[in-house]
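Here's the structure we're looking at; comments come further down.
The values are calculated or read from the model by the stated rules, or taken from the named source; none is laboratory data. Computed from a predicted model, the values in this text were never measured in an experiment. Heads up, the Cβs are rebuilt from the backbone with ideal geometry, glycines too, and the neighbour counts pull from every protein chain shown. Remember, those area values only see protein heavy atoms, side chains included, never the ligands or the DNA or RNA. Shrake-Rupley method; radii C 1.70, N 1.55, O 1.52, S 1.80 Å.
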Amino acid sequence: YLFQKNIYTRIIGAVSGSLVFYIISNFGVWSLGSYGYSLDGLLICYIAAIPFYSNTLISTILYSGLIETINTVYKRYNLT
């Protein structure tokens with residue numbers, strides 16, 4: 001049960017972390033004026049970045065899984 005809870009927590013953390021990064025970074029791109037200072041420009045900016053979000057999400061999940069695996073092995077074999 002603890003292992004399942006840990007996996008779900010990691011997945012939720014990876015998804016929410018990459019979503020926050022997507023929102024903040026694309027707002028920054030829009031604020032530089034690349035898409036115009038309007039609601040339409042903001043929406044176009046977020047829509048244009050959707051293909052990049054999938055890559056961010058996949059890499060975040062893979063790397064967080066890798067880090068968790070290394071941490072578990074490190075703790076299990078007491079490699080301090």
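Numbers for the structure displayed
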| read-out | value |
| --- | --- |
| Residue within region 28-43 that is outside any helix (DSSP H, G or I), in contact with a Cys (Cβ under 6 Å, 6 or more places away or on another chain) and free of Cβ contacts under 8 Å to residues at least 40 places away in the same chain present | yes |
| Odd one out for Tyr63 among (1) open to solvent by less than 100 Å² (accessible area, probe 1.4 Å); (2) within 20 Å of Thr9 (Cα to Cα); (3) of a type outside the set (A, V, I, L, M); (4) at pLDDT 85 or above | (1) |
| Selection within region 23-55 - polar (S, T, N, Q), open to solvent by 40 Å² or more (accessible area, probe 1.4 Å) and within 17 Å of the chain's Cα centre (by Cα) | Ser25, Ser54, Asn55 |
| Residue check for Gly17: surrounded by 13 or more Cβ atoms within 10 Å (Cβ to Cβ) and either aromatic (Phe, Trp, Tyr) or in contact (Cβ under 8 Å) with a residue 40 or more places away in the chain (or both) | yes |
| Residues that are in contact with a Leu (Cβ under 9 Å, 6 or more places away or on another chain) and under 22 Å from Asn71 (Cβ atoms), drawn from region 3-46 | Ala14, Val15, Ser18 |
| Selection status of Ser64, in contact (Cβ under 8 Å) with a residue 12 or more places away in the chain and either touching a Pro at 6+ places or on another chain (Cβ under 7 Å) or closer than 22 Å to Leu19 by Cα (or both) | yes |
